[in-house]
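Read the figures in this text as sums done on the coordinates, not as results from a lab. All figures in this text were calculated on a predicted structure; none of them were measured in a lab. Cβ placement follows ideal geometry from the backbone for every residue including glycine, while neighbour counts extend to all protein chains displayed.
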Amino acid sequence: MNSQLAPLSSSTLNERHYEMLVQAVVDYAIYMLDPAGYVVSWNAGAARIKGYEAGEAIGLHLSVFYTDEDRRIDKPRHLLDRALREGRAQDEGWRLRKDGTRFWALVVIDAIRNEQGEIIGLAKITRDITDRREAEERYDALRAQLFQAQKLEALGQLSGGMAHDFNNLLTIILSAAKLASRSNDPARLASLLDNIQAAGERGAQMTRNLLTFARCEPKPNHLVDINQLLAAATSFITQALPQTMTIEMQVDDGLHRVQLDPSELDMALLNLILNARDAMGGRGTITLQASNRRLAGEVDGLHGEFVVIAVVDQGCGIDPAILPRLFEPFFTTKGIGKGTGLGLSQVYGFARQAGGCVQVESSTGRGATLKLYLPASFGRATDAQA
């Protein structure tokens, strides 16, 4: 007797093709959950990443793959509730394999609806991005090392100017003390003692600034009063300039506060001013400008309120051929022993991390202007001290 097989419908073929496609993916764990969070399907990628075969995984609750810490705060349920409520939930965090080892996962949970719009399940996609996370941690560690190396270089350049200033302060203190020992005039003695006290306090402040700048651990980000910071930083950075150079301040009043680590801004300003010093051959006036500005995408696609800090030199300008490489780590046009090439890369990294950017304006023979764009923050001032 002849028998005929019923032809497969296009929908059946499409379902089989889709299942074959999902099963062929091994770099992503792709599986279905019922609305309560229990596994109802399992692909080869899920088996590879999580270590469970399909027969073991189907029927398990989503929470099995989460750490004890996440289960204690009920994170799996919160993610399920968000996916059911909003249609999608996304998360990054540690997840557990069958053998108990951890991996860093990027997770997306999407609600699946029927033709009537009712949620019938959830599609969950998990990607193991442990390698990417470790690479980011290595990059952060390297950046911290480079930042500290740049600090050491900067401290070496500051030390000469600070030694000169300390010598001047000691001269004032010793001279005033000698004169005071010879005077019987009460008014004269009071004046000399005031000079000694003022010189001592100035020296103590210089020491505090140096210790703050040299510390290894960064300060936590907080709201910073830019007007105060620029005034203090400029007084400090002047120590690195020869007597043939001055800094002219053109700073607007009422600058927006900015959320950042003030020591990193100090470092960026120091790098910009030292570059200006070298471009000008150690002579002339460096101009430090600061103002508020609203951006609408015209500068590096940034939008919103920003503080713009500019360092303007009167040097020879920057060759257009090297402008694209200006912020590369270790790239320098200075001679051997005169620079590490880390200064402007630190400025660039700091500006990006702060949510802003750095911009260069220069033409050969007409000097250069380097501008830091830092996003304003209008939160509550927890610590305004620079």
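State the answer as a single residue: which of Ala351, Pro320, Ile237 lies farthest towards the positive end of the charge dipole of region 219-375, with beta carbon charges of +1 for Lys and Arg and -1 for Asp and Glu, about the Cα centre. Towards the positive end, the residue furthest out is Pro320.
Under 15 Å from a label point set 7 Å out along the Cα-to-Cβ vector of Thr369, the amide N atoms of region 300-319 belong to 308-315, 317-318. Students often forget the sequence filter, so: which aspartates and glutamates lie under 18 Å Cα-Cα from Lys75 once same-chain residues fewer than 8 apart are removed? Qualifying aspartates and glutamates at Cα under 18 Å: Asp34, Glu86, Asp91, Glu92, Asp110. Just round it to a whole percent: the fraction of Cα-Cα distances in region 219-375 exceeding 22 Å. For region 219-375, the share of Cα pairs beyond 22 Å comes to 38 percent. Annotation note: trypsin sites (Lys or Arg not before Pro) in region 68-121 located in DSSP loop regions with a Cβ neighbour count of at most 16 within 10 Å are Arg97, Lys98. The stretch between Thr67 and Glu136, if pulled fully straight at 0.36 nm per residue, gains 22.6 nm over its current Cα-Cα span. Computed as a quarter of the hull surface, the mean projected area of the alpha carbon convex hull for region 10-128 stands at 7.4 nm².
Excluding same-chain neighbours fewer than eight residues apart, the aspartates and glutamates reachable from Lys98 by a Cα-Cα span under 16 Å are Glu53, Glu56, Asp68, Asp128.
Between the amide H of Ser183 and any residue lying 5 or more places away or on another chain, no distance stays under 5 Å, with hydrogens modeled in the peptide plane.
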